[in-house]
1. Tell me what the chain gives for mean residue ellipticity at 222 nm when only DSSP H runs of n ≥ 4 count, each as -39,500 (n - 2.57), the sum divided by the residue total, rounded to 500 deg cm²/dmol.
2. Counting Lys and Arg as +1 and Asp and Glu as -1, each charge on the Cβ, what is the dipole of region 132-191 about the Cα centre in debye, to the nearest 20?
3. Distance cut-off 29 Å, Cα to Cα: go down the list Lys24/Lys68; Lys68/Lys189; Lys68/Lys184; Lys6/Lys203; Lys105/Lys197 and report the pairs above it.
4. Say we join alpha carbon atoms closer than 10 Å with springs in a Gaussian network model of the chain; which of Thr114, Thr45, Thr211 then has the biggest fluctuation?
5. Among Thr114, Gly159, Ala227, whose Cα sits farthest toward the positive end of the charge dipole of the chain (+1 at Cβ of Lys/Arg, -1 at Cβ of Asp/Glu, about the Cα centre)?
6. Using the charge dipole of the chain (Lys, Arg: +1 at Cβ; Asp, Glu: -1 at Cβ; taken about the Cα centre), state which of Gln141, Ala217, Val56 has its Cα farthest towards the positive end.
7. Relative to a virtual label point 7 Å from the Cα of Arg3 in the Cα→beta-carbon direction, which members of region 26-56 show backbone nitrogen distances below 17 Å?
8. Note down the net charge around Lys6, summing +1 for each Lys or Arg and -1 for each Asp or Glu among other residues with Cβ under 12 Å from its Cβ.
Amino acid sequence: MERLDKILAGTGRWSRKEVRELAKLGRVEVNGQVVRRPDDKFDRTAMEVRVDGEPVSPEPYYYLMLHKPAGLLSVTEDPRQPTVLSLLPPHLRRVGLFPVGRLDKDTEGLLLLTNNGPLGHRLLSPGRHVDKVYFTRVEGQLDQADAAAFQAGMLLEDGLQCLPAELEVLEDPSTGLVTLREGKYHQVKRMLAARGKPVRYLKRLSMGPLTLDPDLAPGAWRPLTEAELAALEGL
């Protein structure tokens, strides 16, 4: 059981002081009843909350699928450049969301934002080898020799020993699908550069059980569906 003001403040939309004022004015309903005491306690898993008649989720964790556009940093804040959190409304910037795994500034595609630290850690844990699939366009043409090099596990000039990966050459041989089971710094770009085929464009299509929603335009986001969340929690 938790205090009403704590539950609502945890959504990031109001401070505890603002929640107390909303309750005193009779603007908060729990399970169909007006609640005027902000210190009343409830089970957040068994409550239906409305503020000014609008439903409010008491869920303490948020899970958002974002189609990251080029030009934004995959960090929570930066003093000089815009970050992916700038795409969200103000109340979602106050609930501790962070990107699970980074995409380069010029890389597009799937990015999971959450404030569930343990889940983020599981997805990024090296021991779990969560697959990540990228679409890439390169200078030159990809071939089966490149695919074989990826499959063998490349040793880069800087000493990085890459795990075996997959490279599927598409109909246009300047394009391909890369599947990694790790996430080293600029890894796709470094591997393809080592093959003499620098990346011109890179987009992440999937991460583990999550696949980028084709209806999400660059810069758009949506909450995960129940099925997507269940698949993540099963990792």
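1. Details: 6 runs with 48 residues, N = 235.
For the chain, the value works out to -5500 deg cm²/dmol.
2. Working: 6 positive and 10 negative charges, 65 e Å.
Result for region 132-191 is approximately 320 debye, rounded to the nearest 20.
3. Working: Lys24/Lys68 41 Å; Lys68/Lys189 18 Å; Lys68/Lys184 19 Å; Lys6/Lys203 39 Å; Lys105/Lys197 20 Å.
Lys24/Lys68; Lys6/Lys203, as the Cα separations exceed 29 Å there.
4. Thr45
5. Thr114
6. The residue sitting most towards the positive pole is Val56.
7. The answer is 35-44.
8. Residues close to Lys6 contribute a combined charge of +1.
We did not get these values from a lab; they are worked out from the coordinates using the rules stated. Since this is a predicted model, take the numbers as computed values, not measurements. Positions of Cβ are backbone-derived with ideal geometry, glycine not excepted, and every protein chain shown enters the neighbour counts.
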